[in-house]
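> Following this message is one structure expressed as structure tokens.
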Amino acid sequence: MHEIEITGRFSETDALGHINNTSYFVYLEEARIKFFQFLGFNMKAKDWNFILASTTCNFINQGYFNQIFSIKTCVSKIGTKSFQLEHEIVCAQTKQIIASASAIVVYYNYEEQKSEQIPELLKSQLAGHMKSECS
């Protein structure tokens, strides 16, 4: 499991005073990027081989300005050309779950505009973070 922390910013709140639902997708993107960096991937566009195929987020509790969120990321499935990540957003102070999410990421060749098989080295790196749940 990989874990990062993000603090809810005032600009991410809405008229109801809680973190707006769209902000969670930005948090999840940050968690994915940090996960890929942790695996050793270069963040230069010419070297990038991932494309997001699908993402979902289930909102369980409200988050607020200045709250610290711990975002856990793990791998739940590895296919031939894609893999699935699971995320859990938890209040770092209270340990209350705020949201759970998943993302399907495709290994993608941007030059040829098509998906490709996941290289064995990446498969083994992903397998090292395989869990049925992130908690």
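Bear in mind these aren't lab numbers, they're just calculated from the coordinates by the rules spelled out. It should be emphasised that the depicted structure is a prediction, and the values quoted were computed from it without experimental measurement. In this analysis, Cβ positions are derived from the backbone assuming ideal geometry, glycine residues included, and neighbour counts consider all displayed protein chains.
> Taking the beta-carbon count within 10 Å as an exposure proxy, list Lys77, Lys72, Lys123, Lys44 from fewest neighbours to most. Each step should come with its number before you reach the end.
Numbers: Lys77 13, Lys72 19, Lys123 16, Lys44 7.
Ascending number of Cβ neighbours within 10 Å: Lys44, Lys77, Lys123, Lys72.
> Still on this structure, I have one more. Count charges around Tyr24 for me, please; just the other residues with Cβ under 13 Å from its Cβ, Lys/Arg as +1, Asp/Glu as -1. If you can, show how the numbers build up before the last one.
Values: positive: Arg9, Arg32; negative: Glu12, Asp14, Glu29, Glu30, Glu88.
Local charge sum for Tyr24: -3.
> In whole Hz and in residue order, list the ³J(HN,Hα) couplings for the range 2-15 that follow from phi through the Karplus curve 6.51 cos²θ - 1.76 cosθ + 1.60, θ = phi - 60°; x for Gly and Pro.
Karplus-based 3J(HN,Hα) across the range 2-15 equals 10, 9, 10, 10, 9, 9, x, 8, 4, 5, 8, 8, 10, 4 Hz.
> Kindly put Leu126, Leu39, Leu16, Leu85 in sequence by how many other C-beta atoms sit within 10 Å of each C-beta, fewest to most. Could you put the intermediate results ahead of the total?
Details: Leu126 20, Leu39 14, Leu16 8, Leu85 24.
Least crowded to most crowded, the residues run Leu16, Leu39, Leu126, Leu85.
> I would also like to ask the following. Just to confirm the number: angle between the C-alpha axis of helix 21-38 and the first principal axis of the chain, 0 to 90 degrees, nearest 10?
Compared with the principal axis, the helix lies near 40 degrees.
> Only helical DSSP H runs with n ≥ 4 go in: add -39500 (n - 2.57) per run for the chain, normalise by residue count and round the 222 nm mean residue ellipticity to 500 deg cm²/dmol.
Working: 2 runs with 26 residues, N = 135.
One gets -6000 deg cm²/dmol as the mean residue ellipticity at 222 nm.
> Sticking with this structure for a sec: Long-range amide H contacts for Ser115: which residues qualify at under 5 Å (H placed 1.01 Å from N, peptide plane, sequence gap of 5 or more or a different chain)?
Here the answer is Asn109, since their amide H atoms fall under 5 Å of that of Ser115.
> Here is a follow-up. Take Lys34, Lys46, Lys81 and order them by how many other Cβ atoms sit within 10 Å, fewest up front.
Details: Lys34 16, Lys46 7, Lys81 13.
So the ranking, lowest neighbour count to highest, is Lys46, Lys81, Lys34.
> Then there is this: What size of dipole, in debye to the nearest 20, comes out for the range 2-127 about its Cα centre when the only charges are +1 on Lys and Arg C-beta atoms and -1 on Asp and Glu C-beta atoms? Walk me through the numbers before you get to the answer.
On the way: 11 positive and 13 negative charges, 29 e Å.
My answer is approximately 140 debye.
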